[in-house]
1. Got at least one residue in region 295-316 being part of a helix (DSSP H, G or I) and either in contact with a strand residue (DSSP E or B) (Cβ under 9 Å, 6 or more places away or on another chain) or of a type in the set (D, E, K, R) (or both)?
2. Being over 19 Å from Thr180 (Cα atoms), buried (at least 20 other Cβ atoms within 10 Å of the Cβ) and free of Cβ contacts under 8 Å to residues at least 40 places away in the same chain: is that true of Ala88 here?
3. With the requirement that a residue be within 24 Å of Leu352 (Cβ to Cβ), aromatic (Phe, Trp, Tyr) and not in a loop (DSSP other than H, G, I, E, B), what does region 367-417 give you?
4. If you go through region 241-256 one residue at a time, do you hit one that is exposed (fewer than 14 other Cβ atoms within 10 Å of the Cβ) and in a helix (DSSP H, G or I)?
5. Tell me which residues, restricted to region 31-54, are touching a Leu at 6+ places or on another chain (Cβ under 7 Å) and in a strand (DSSP E or B).
6. Could you check Leu141 against (1) farther than 29 Å from Leu41 by Cα; (2) touching a Pro at 6+ places or on another chain (Cβ under 9 Å) and say which number it fails?
7. Of all residues in region 257-298, count the ones that are surrounded by 16 or more Cβ atoms within 10 Å (Cβ to Cβ) and hydrophobic (A, V, I, L, M, F, W, C).
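The values are calculated or read from the model by the stated rules, or taken from the named source; none is laboratory data. These numbers were taken from a predicted model, which means no experiment stands behind them. A quick note on method: Cβ atoms are made from the backbone with ideal geometry, for glycine too, and the neighbour counts reach across all protein chains shown.
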Amino acid sequence: MTAQTSDAAKILHDVFGYARFRGEQQAIVEQIARGGDALVLMPTGGGKSLCYQIPALLRKGVGIVISPLIALMQDQVDALRQLGVRAAYLNSSLTSETAREVQGQLMRGELDLLYVAPERLMNANFLGLLERIEQSSGIALFAIDEAHCVSQWGHDFRPEYRELTILNARFPTVPRIALTATADTPTRREIVERLSLEDARQFVSSFDRPNIRYRVALKNNAMNQLQDFIEKEHANDAGIVYCLSRRRVDETALKLKALGFDALPYHAGLDAATRAAHQSRFLREEGVIMVATVAFGMGIDKPNVRFVAHIDLPKSMEGYYQETGRAGRDGLRADAWMAYGLGDVVSMRQMLMSGDAPEERRRVELQKLDALLGFCESTDCRHQLLLRYFGEAHPGNCGECDNCISPVQTWDATRAAQMALSCVYRTGQRFGVGHLVDVLLGKETERITRFGHQGLSTYGIGQAHTAAQWSSVYRQLIACGFLEADLEAYGGLRLTDGARPVLKGEQPVLLRHDAPPVKRKSVREGRDGKAREPFVGANEDPLWQALRAKRLALAGEQGVPPYVIFHDSTLLEMMEHRPGSLAEMARISGVGQGKLARYGDDFLKVLEDQSRKT
């Protein structure tokens, strides 16, 4: 073990309270600590922050962290200060007086880490200040968080990220580390090119989140389905519900609140003060459900989000992966639940096509949407499908997603597919699913009569199947790429080139039977044996309640979120091991020297009091 490795391990234990590095954390820390550049792709909850925080403490000078969101900066700084690390942030939320004070600390060499927004960093005066800092107390590193924001094809594109290449030109000897949890291969190439990281060492961790259970349900009154999901599985948990529109957010939040849940809306249509207040409650209180558009989430560092639900289809696999990745950051069991229907697909396609984006961008976005639709309809393991999209192999079925827990039955739908495709062709490739199903079932509607479709060869040939079954057939044929929605015809379906072999009988078609609702697996089941069910039984345990109450009280006194004091996983470990001394408490994961000194006695007293009562 080198001296550098030994020092890094000591900081990891003494400051952050962890016994060992995870995955490639140690290699990344060593790469930056010795002055090299790095591109780090690591899933949410994988420990990206440590990859630049520890080198910043190892190297001379201050670590400059570029972050796109104010909330992330404040959370990170709050957490670091709890550990005794000299950290601060500079952004538009500060008063001019406070900003001057932070800049004074920076100039005097009194900071270990400084978080800044990219707009602030690119300010000519601030760049000049950094050049003076480099010559005096030194700059340890530049960390570019959420690096996928540099990509014009990404779902979180930030134009100002394109200008960060100036760091390489102005500070060639300062190591840079770019980090993201979401980047497919094209986005990865763009990050390298746009940030001049051609010579950087790339660290690509597995994108798999084995503690997240993915489930996709066919939409059938999404509000009732959401209510059932939360009541049965997450009645007292913090969670996020994503909706496509602001109106849908407001309606859903009101309905959940009427049902007794502590639900809050969040979208760009709310004033800044309301958004800030709702975000603060979500972060600082227990059991709050945030109902939001995609305006909420990036950089939200709340580790005990137990579920993420989508009642509308996301725009892409990257968006879905990042949004669901906000669940279970503490490594404990979490759920990603989504309800979707064919209407979602048509609406999303219309939204993408009606925008002002160039044709090339629209085509890319439609391809991404098609990939997500294929994920929804597939009968394969959800973990395998996600990893395959990001170019990663998966060792086998996860045994935990809906398709693995209740394998989907398939049926030979070749003949039905031919009927469905022929009906699209015979009606002129301009009608939606409802009309097509009516034709196949031989219904005598006013619309069918008006267009003369009762005289078609496909009229009434599909009576062996129900309307619901035909809707399922059409939905899956779109997912398979045999049909597409003609957006200029208001969502009417038309054939793709892939339909020809099916119609000619050259290609068989296997489709899924819509699966029944999935039953939740029992406690502590899981393929890796590591992910634990966090609260089954714990919510009724007086010790768990007492530990959380103490954490909440301490957080309230200091005005920080409860998880900044200790994560749920740390409290669970206290419950399991029942430390009786500060020395034993120090062995609990997440209890560093700073937190041991600050909170050790408080939590030992809780453990002692509860031990007396039992």
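1. No, region 295-316 has no match at all.
2. yes
3. Phe375, Tyr389 - these are the residues of region 367-417 that are within 24 Å of Leu352 (Cβ to Cβ), aromatic (Phe, Trp, Tyr) and not in a loop (DSSP other than H, G, I, E, B).
4. yes
5. Leu39, Val40, listed by residue number.
6. (1)
7. 14
Yes/no per residue for (1) modelled with pLDDT of 90 or more; (2) more than 34 Å from the chain's Cα centre (by Cα); (3) assigned by TED's automatic domain parsing to the domain that holds Gln279:
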position	(1), (2), (3)
Gly559	no, no, no
Met585	yes, no, no
Arg598	yes, no, no
Glu608	no, yes, no
